[in-house]
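Rule-based calculations on the coordinates, nothing more; no lab input. What you see is a predicted model; the values in this text were computed from it and never measured. Here the Cβ positions follow ideal geometry from the backbone for every residue, glycine too, while neighbour counts run over all protein chains shown.
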Amino acid sequence: MESNTNDNDVMNTGVAIVLARMDTHPEEFYGNSEKWKFIYHEYFRDSMTETEKGMIFDKMKKLRRTEFTDRVMGVMVKGMEIDKVKDAGLKAFPQPAVLAGYQTPL
């Protein structure tokens with residue numbers, strides 16, 4: 001039996017899952033995350049509709065803007081914490097280079 005629905009009229013299930021994941025776990029998409037890098041590969045992008053590509057692009061742009069704000073706020077808060085410690089005459093918190101290999105547990 002033939003369907004009257006064109007594949008381009010129905011969102012790919014994988015695209016829908018990625019978009020939902022971006023809402024629930026945005027930190028997984030921060031930076032140049034290896035986990036989700038494949039969604040940008042030409043091999044997969046060629047199979048997406050322009051609408052699907054646009055939805056992913058728009059969601060990523062929103063995430064990048066949020067990530068940027070989070071990083072700015074992180075620098076500001078860390079700066080305030082370091083200033084408090086210095087004002088108290090205590091040893092300052094380790095600098096980012098010291099913590100570079102540390103990852104927060106999920």
**³J(HN,Hα) computed for each position of the stretch 39-52 - Karplus, 6.51 cos²θ - 1.76 cosθ + 1.60, integer Hz, glycine/proline x** = 5, 8, 5, 3, 4, 8, 4, 5, 8, 8, 6, 4, 5, 4
**Prompt:** How do His25, His41 rank when sorted from fewest to most other Cβ atoms within 10 Å of their own Cβ?
**Reply:** His41, His25
**Asked** How far apart, in nm, are two points set 7 Å out from the Cα along the Cα-to-Cβ line at Leu19 and at Ser47?
**Response** 1.8
